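Shown next, in structure tokens, is the structure this report addresses.
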Amino acid sequence: MNDMMRIETPAAMQELALEWRREGLRVGLVPTMGYWHEGHLSLMRWAREHCDVLVASIFVNPTQFGPGEDLENYPSDVERDSALARDCGVDVLFTPVRDDVYFPDHGTWVTVPELTANLCGRSRPIHFRGVATVVCKLFNLVQPAFAAFGEKDWQQLAVIRKMARELNFPVRVEGRPIVREADGLAMSSRNVYLTPEERAAAPHIQKGLRLLEDLVRSGQTDSAALREAVTQYYDSNIPTGKLDYLELVDPATIEAVERVRGDVLAAVAMRLGKARLIDNKYIAFGN
Ligand code: AMP
């Protein structure tokens, strides 16, 4: 395909996807909520190399936002995203509207309880139900051979992997590394909510995780002690931040670990002004 198409209805998207399938084309999918940054673009550039037809979706999925969250204020600039999509070689930009994605009496949900009791699943109880359900819909509408997701949302990636495997989707779920600003802050559409002062303090979120890794590598394996040290670091360096969670978990099961004995994921969520920011660090032991 030469020129990018924009498709707005699920029916048109699925019709085209079925046609591609008949032609034997390998479809890649990058699901997003828009307001793209380099993290999104890295997924598209990677996906572009691995498929015949590349679909990027922009949908601010209402069912993954809880009451009082930023659904109605979520940043958006579809024209700008559209130009970026073209530059990345996207073939179809899929931008459905809410009422077309969810029927008024929508009542079917995909839940992955084992992986969602902890971290963001604990602080955002309906979040992953919304994510798993919308990704399931996107898989059915786009019929991809693979879909690419960022490791910044590690728990989301784990949930989608499990969902795809257990519901027998013929879709490879690809995890890609976190893209960061030059000062280490994980890129996020929500970084625009930060005031200049908050933005200046925000790189300490990652620095705290690096401190945690240094402590682990120098022999501290007790999770409580590690969390205490990093919480203190955050209190001193991001005094206006409100820690939502800082946890050490098994990277596969997302269960809390009390003592580090092998590969571990350190994950953090912090409210900083109007933003809720997440980050994580995979600490590997190369055995
Ligand atoms: P979002 O639009 O925030 O829902 O994100 C869409 C996709 O981009 C998800 O798979 C995210 O994990 C991924 N993503 C978001 N931020 C980053 C980042 N800084 N680095 C890599 N991937 C990211």
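Values computed for the structure shown
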read-out: Relative contact order %, the chain, counting alpha carbon pairs below 8 Å whose residues are six or more apart; value: 18 percent
read-out: Among 83, 164, 132: highest mean-square fluctuation, GNM of the chain, C-alpha pairs under 10 Å; value: 83
read-out: Loop-resident sites, the stretch 179-287, for chymotrypsin sites (Phe, Trp or Tyr not before Pro), counting at most 15 other Cβ within 10 Å (DSSP); value: 285
read-out: For the stretch 179-225: rounded, prolate or oblate by the Cα gyration tensor [a/c cutoff 1.5]; value: prolate
read-out: The stretch 148-287 shape via C-alpha gyration tensor axes, a/c threshold 1.5; value: oblate
read-out: Inter-centroid distance (Cα atoms) of the stretch 220-253 relative to the stretch 102-146, Å; value: 28 Å
read-out: Gyration tensor (alpha-carbon) shape descriptor, the stretch 56-152, a/c threshold 1.5; value: prolate
read-out: Helix runs (DSSP H) in the chain reaching 20 Å along axis by Cα, Kyte-Doolittle at least 0.5; value: 127-142
read-out: Normalised contact order of the stretch 103-182, rounded percent, pairs of Cα under 8 Å and 6 or more residues apart; value: 30 percent
read-out: Heavy-atom accessible area per residue - the chain, 1.4 Å, Å²; value: 48 Å²
read-out: Unit charges on C-beta of K, R, D, E only; dipole of the stretch 159-287, Debye; value: 420 debye
read-out: Of all accessible heavy-atom area on the stretch 199-244, the percent that carbon and sulfur account for (1.4 Å); value: 48 percent
read-out: Neighbour cut-off at most 13 other Cβ (10 Å), DSSP loop, trypsin sites (Lys or Arg not before Pro), the stretch 185-287; value: 261, 274
read-out: Calculated FRET value between residue 225 and residue 284, using beta carbons and R₀ = 25 Å, to 0.05; value: 0.75
read-out: Computed [θ] at 222 nm, helices only, for the chain once each DSSP H run of length n ≥ 4 contributes -39500 (n - 2.57); value: -11500 deg cm²/dmol
read-out: Among the listed pairs 207/281; 207/242; 152/281; 137/162; 162/242, those beyond 19 Å (Cα-Cα); value: 162/242
read-out: Filtered GluC sites (Glu not before Pro), the stretch 189-287: DSSP coil and at most 13 other beta carbons within 10 Å; value: 255, 258
read-out: DSSP bridge pairs, the chain: antiparallel proportion in percent, nearest 5; value: 50 percent
read-out: Dipole in debye (nearest 20) - the chain, about Cα centre, beta carbon charges: Lys, Arg +1; Asp, Glu -1; value: 420 debye
read-out: For the chain, radius of gyration divided by Kirkwood radius, i.e. Rg to Rh on alpha-carbons; value: 0.97
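The values are calculated or read from the model by the stated rules, or taken from the named source; none is laboratory data. This one's a predicted model, so the numbers in the text were calculated from it and none came from an experiment. When we count neighbours, we look across all protein chains shown, and the Cβ atoms used for this are built from the backbone with ideal geometry, even at glycine. Only protein heavy atoms, including side chains, enter the accessible area calculation; ligands, DNA and RNA are left aside. Shrake-Rupley method; radii C 1.70, N 1.55, O 1.52, S 1.80 Å.
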